[in-house]
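Colleague: Below is a structure I'd like to ask you about.
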Amino acid sequence: GQLPTWLQGILLRNGPGMHTVGDSKYNHWFDGLALLHSFTFKNGEVYYRSKYLRSDTYNCNIEANRIVVSEFGTMAYPDPCKNIFAKAFSYLSHTIPEFTDNCLINIMKAGEDFYATSETNFIRKINPQTLETLEKIDYNKYVAVNVTTSHPHYDSAGNVLNMGTSIVDKGKTKYVLFKIPSSVPEQEKKKSCFKHMEVVCSVPSRSLLHPSYYHSFGISENYIIFVEQPFRLDIVKMATAYIRGVSWASCLAFNKDDKTWFHLIDRKTKKEVSTKFYTDAMVFFHHINAHEEDGHIIFEIISYEDNSLYDMFYLKNLNKDFEKNTKLTAIPTCKRYVVPLQHDKDAEVGSNLVKIPSTATAVKDKDGNIYCQPEILCEGIELPRINYDYNCKKYKYVYATEVQWSPVPTKIAKFNVQTKEMLHWGEEHCWPSEPVFVPSPDGKEEDDGVVLTCVVKTDPKEAPFLLVLDAKTFTELGRATVDVEMHLDLHGMFIPAQDVKTETE
């Protein structure tokens, strides 16, 4: 095929790539050592490159020729020749263990630099052209967080907004929203933007010892949307996991009888809206978008009725019969919530406070809290992406993978959240990855551009490829076949050529 001449830059992706070190194996697919790969678009040609993230975790494991650094689903034990008592003692004195810097989930831009990220307090700077691993950044040095999301947001000035959970701060467990500025004052050019990180606000956890797990958060023009779900980490169990010989993943539990709470934080005043909004118990990973309309916040997420998704990716389940045997017990559902921020405070109990056209409701209960029920937009999509120029705005299109009852994507979908129409791309024996939308430079409409996805073939003898679709029609413009084994990745970003510093070329 032919690539549009304007498509110049790097598609950079991240995901677990190595699951065996020496004779030791990880228990979970999300634990694997990070493997970065990139597709560079230059004058109608595509160049492929891949490289393991040379994290401290990677280096320690390779040097020992076995897994010595614990990951979320795999607890690793140090060399028995080393004094195990000293190690156990150090674990007892640190409630929260030293986490891994195996940053395998996403790529983040901060200032002019790019970082591999996961959900711990560490990120690793990388060179997007050579995929070389550079310095390690510890968020904890700048703001008290122990875990963070790997789905930050970017505001119009290019500042990064992200959230993390602070567990150890004087026994007050809280969720912290922080900002990394896009640039530093002229007189401090030597300093990194992380030295200017600031806490925007914090939300106390409803339970001190059981903070909610979250993978992303939402943002609208004037509000931050944080959803506290009843899928929680047990801190006491976590603190003793090492001694009990169990993984941290076993310290997560979903309570289906509990509520899911919506926290809305005013971006200007940095204060939380006092009205309490909630919905039924659910587990979710990805926010899609949010916007404001006539005193309401409207946001879309993809959620599940249970936490079976995580359990499916234990490597013992990922065998040759995986596609046949693995069935999600809850299908991913794309939901729209409509939250009436400006509502009549004297409204009657039981009245629906949503005043815009929608089947979503928000009903006042006898305690004065507001119970929100969503409009179901569609089922069976995951890894959603939008044209990010429409973040915080009313939008139409979400690009996603289609999963149905198996957790491995078989198609790519373009879904119109307003009309509920869906376009698909799929081919036999193909597993596509998260689709990334790249806007065309002179595009007028939301879907003027292309969608990029890496496609792995289920038959190992067939070569994987990068697929380029016209975002408007979802027709194939071209594909670049890669003659190497390509891993199934998680997330990534497209870096336009002008955003790549070229001094290293």
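Colleague: Six or more apart or on different chains, Cβ under 8 Å: which pairs go from a residue in segment 232-260 that's hydroxyl-bearing (Ser, Thr, Tyr) to one that's open to solvent by 20 Å² or more (accessible area, probe 1.4 Å) and assigned to a helix (DSSP H, G or I)? Could you list them?
Modeller: From residues that are hydroxyl-bearing (Ser, Thr, Tyr), the pairs are 242/88; 242/91; 250/237.
Colleague: Sort out which residues of segment 453-462 are without any contact (Cβ under 8 Å) to a residue 60 or more places away in the chain and surrounded by fewer than 15 Cβ atoms within 10 Å (Cβ to Cβ), and write them in order of number. Spell out how you get there, then give the answer.
Modeller: Our first condition is that a residue be without any contact (Cβ under 8 Å) to a residue 60 or more places away in the chain; within segment 453-462, this holds for 453, 455-457, 459-462.
Across segment 453-462, the qualifying residues are 459, 460, 461, 462.
Colleague: Open to solvent by less than 40 Å² (accessible area, probe 1.4 Å) and either within 30 Å of the chain's Cα centre (by Cα) or not basic (Lys, Arg) (or both): does that describe residue 368?
Modeller: Criteria met by residue 368.
Colleague: Follow-up question, since we're still on this one. What helices (runs of 4 or more DSSP H) completely inside segment 220-333 contain at least 2 residues that are under 23 Å from the mean Cα position of the chain (by Cα), of a type outside the set (Phe, Trp, Tyr) and under 30 Å from residue 200 (Cα atoms)?
Modeller: 235-244
Colleague: A follow-up question, please. Would a scan of segment 98-113 turn up a residue that is of a type in the set (Ser, Thr, Tyr) and at pLDDT 90 or above?
Modeller: Yes: segment 98-113 contains one or more residues that are of a type in the set (Ser, Thr, Tyr) and at pLDDT 90 or above.
Colleague: So, one more: Given (1) at pLDDT below 95; (2) within 17 Å of residue 372 (Cβ to Cβ), identify the lone condition not met by residue 220.
Modeller: With respect to (1) at pLDDT below 95; (2) within 17 Å of residue 372 (Cβ to Cβ), residue 220 is out only on (1).
Colleague: Mind counting the residues in segment 53-67 that are open to solvent by 40 Å² or more (accessible area, probe 1.4 Å) and of a type in the set (A, V, I, L, M)?
Modeller: 2
Colleague: Restricting to segment 122-151, name every residue that is of a type in the set (D, E, K, R) and part of a loop (DSSP other than H, G, I, E, B).
Modeller: The one that is of a type in the set (D, E, K, R) and part of a loop (DSSP other than H, G, I, E, B): 132.
Colleague: I want to confirm something. Restricting to segment 131-174 and keeping residues that are out of contact with any Lys or Arg (no Cβ under 7 Å at 6 or more places or on another chain) and of a type in the set (D, E, K, R), which single residue is surrounded by the fewest Cβ atoms within 10 Å (Cβ to Cβ)?
Modeller: 170
Colleague: Do you know which residues across segment 22-48 are of a type in the set (Gly, Ala, Ser) and either surrounded by fewer than 19 Cβ atoms within 10 Å (Cβ to Cβ) or without any contact (Cβ under 8 Å) to a residue 60 or more places away in the chain (or both)? Even if it seems obvious, please write down each step before you answer.
Modeller: We begin by selecting, within segment 22-48, every residue of a type in the set (Gly, Ala, Ser); these are 22, 24, 32, 34, 38, 44.
22, 24, 44 - these are the residues of segment 22-48 that are of a type in the set (Gly, Ala, Ser) and either surrounded by fewer than 19 Cβ atoms within 10 Å (Cβ to Cβ) or without any contact (Cβ under 8 Å) to a residue 60 or more places away in the chain (or both).
Colleague: Only residues that are of a type in the set (A, V, I, L, M) and out of contact with any Phe, Trp or Tyr (no Cβ under 8 Å at 6 or more places or on another chain): list them for segment 135-146, please.
Modeller: 144 - this is the single residue of segment 135-146 that is of a type in the set (A, V, I, L, M) and out of contact with any Phe, Trp or Tyr (no Cβ under 8 Å at 6 or more places or on another chain).
Colleague: Tell me, yes or no, whether segment 378-392 has at least one residue that is among the small types (Gly, Ala, Ser) and farther than 30 Å from residue 9 by Cα.
Modeller: yes
Colleague: Same structure again: Determine which single condition residue 498 fails, assuming it passes every other condition in (1) in a loop (DSSP other than H, G, I, E, B); (2) open to solvent by 80 Å² or more (accessible area, probe 1.4 Å).
Modeller: The number of the failed condition is (1).
The values are calculated or read from the model by the stated rules, or taken from the named source; none is laboratory data. Everything quoted here is computed from the prediction, not taken from an experiment. Neighbour counts are summed over all protein chains in view; Cβ atoms, including those assigned to glycine, are modelled from backbone coordinates with ideal geometry. Areas reflect the complete protein model, heavy atoms only, side chains present, ligands, DNA and RNA absent. Shrake-Rupley method; radii C 1.70, N 1.55, O 1.52, S 1.80 Å.
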